[in-house]
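The values are calculated or read from the model by the stated rules, or taken from the named source; none is laboratory data. All of these numbers come straight from a predicted model, not from anything done at the bench. Cβ: placed from backbone, ideal geometry, glycine included. Neighbour counts: every protein chain shown.
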Amino acid sequence: MTSLSASAHIDPSPGGILNLVRSGASASRADIARAAGLAPSTVTARVEALISNGYLREAGPGTSSGGRRPKHLEVDPDAGVALGVDLGAHHASFGLFDMGGTLLAERHLDMDIADGPQKILAWIAAEADAMVRESAGNGQQLRGIGLGLPGPVESPGGRLVSPSRMPGWNGVDAAAMLSVLAGVPALAENDANLMALGEQVSLAEDVDHLVFVKAGSSIGCGIIASGRLFHGHRGMAGDISHVSVPNAPQTLCSCGRIGCLDAVAGGAAIVASLRRAGVDVADTGEVLRLAEDGHPLATQTLRDAGTRTGGVLATIVNFFNPQRLVLGGNLSEADAFVAGVRSAIYTECLPLATDHLEIAVTRAKALGGTIGAAQLMLDHLFDTRVINESLA
Ligand SMILES: [Zn+2]
């Protein structure tokens, strides 16, 4: 007989129990026994093993449903620290987190990705070392580094594949290099993917179907499907930069094609378009300031970029039916850009796709990429199979 269960499968192994506590789904031994369908004595034995191996600790009384107040469990924050790094073309953000996912310290520094992988990754390893020495507790060890990269990252594999504006990085396995330089495990992922992950963990409610759009100097996108980061077959899922925009200006893209979304709606394209019209702007930040001051052409150019981005996203909303569409990157700070995205989506999508769709500006903001990068590493360190093998 086939039996179908409405609830998600709960892994009753010690690693599964650790992740139940980590996710916030279960906070006491009684919760775990109920969720995993285990005898209380089995739960007690598995929790004791997780506590004595430094994965969990008691955290005082939880809420009682009558009778004895249950002891509250949490991930032991003293089991080490994990670093999340988000690299842009000219900027790097670092976030140091304890094993429970609490931010301990952050740094935002200028750099130049064109300096190449050897120099940049050695610099990251040195910054990681300094941050752990200055901000982690006594004797706390760095357990791993998650790294966000502003280009396509192959999955599985982790190699950068033909990234634009990243000279010297093509074919580089940045995680493997960083792991050697820093002496700890490292994982690399496309930055927009990590921002999607960072946004998901920053939301108070569970969102299982989320599209995150990073609209900065270029436009990227990451997808959470059924609660997990979605890579597609080779890691290219969500890469909307080079989707062709109908009726757009015939602008040459960095990929060599004409009229890609990146070339007609990214921040660099907006700056170039305003300069051609005689407006003297150096970067996207200046365009945003002009729009805030009510500059008509800057405002119109931002709205047009939003409408073109929204047109591409409308296809994705119709196809993927997300619960939440999140706009991040500095263009999301411009009301005109966000208004353009919204109007295109509501014009072009079916009502069933938009009735319950939340279109929102990022909550994780500038730290989203580092939160996602650290989460990537914590998920790896707390992988159920790895935990079970370490306890066997
Ligand atoms: Zn292109």
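Pairs linking a residue in the range 258-280 that is closer than 16 Å to Pro296 by Cβ to a residue that is at pLDDT below 95 and within 16 Å of the ligand (Cβ to nearest atom), with Cβ atoms under 8 Å and 6 or more positions apart or on different chains, are Ser273/Pro249. Of all residues in the range 274-282, none are in the same structural domain as Ser218 (by TED's automatic domain parsing) and in contact with a Gly (Cβ under 6 Å, 6 or more places away or on another chain).
When His356 is tested against (1) part of a loop (DSSP other than H, G, I, E, B); (2) farther than 30 Å from Gly216 by Cβ, only condition (2) is not met. Within the range 161-178, the only residue that satisfies the criterion of being among the hydroxyl-bearing types (Ser, Thr, Tyr) and without any contact (Cβ under 8 Å) to a residue 24 or more places away in the chain is Ser162. Residues that are over 22 Å from the mean Cα position of the chain (by Cα) and at negative phi within the range 133-159 comprise Arg133, Glu134, Ser135, Ala136, Gly137, Asn138, Gln140, Gln141, listed in sequence order. Checked against the criterion of being at pLDDT below 95, outside the structural domain of Thr102 (by TED's automatic domain parsing) and not acidic (Asp, Glu), the candidates Leu350, Leu325 yield just one match: Leu350.
Out of the residues in the range 86-108 that are under 17 Å from Gly216 (Cβ atoms) and not small (Gly, Ala, Ser), state the one that is farthest from the chain's Cα centre (by Cα).
Let us first name the residues in the range 86-108 that are under 17 Å from Gly216 (Cβ atoms), namely 86-93, 108.
Next cut, not small (Gly, Ala, Ser) only: 86-87, 90-91, 108.
Details: Asp86: 10, Leu87: 12, His90: 19, His91: 17, His108: 17 Å.
It comes out as His90.
Checked against (1) under 12 Å from the mean Cα position of the chain (by Cα); (2) within 30 Å of Asp293 (Cβ to Cβ), Leu376 passes all but a single condition, namely (2). Report yes if some residue within the range 209-223 is surrounded by fewer than 17 Cβ atoms within 10 Å (Cβ to Cβ) and without any contact (Cβ under 8 Å) to a residue 40 or more places away in the chain; otherwise report no. Checking the range 209-223: not a single residue is surrounded by fewer than 17 Cβ atoms within 10 Å (Cβ to Cβ) and without any contact (Cβ under 8 Å) to a residue 40 or more places away in the chain. Only one entry in Leu302, Leu297 is without any contact (Cβ under 8 Å) to a residue 40 or more places away in the chain, part of a helix (DSSP H, G or I) and surrounded by 18 or more Cβ atoms within 10 Å (Cβ to Cβ), namely Leu302. If you take the residues of the range 225-275 that are more than 10 Å from the ligand (Cβ to nearest atom) and part of a strand (DSSP E or B), which of them is surrounded by the fewest Cβ atoms within 10 Å (Cβ to Cβ)? Per the stated criteria, the residue is Arg228.
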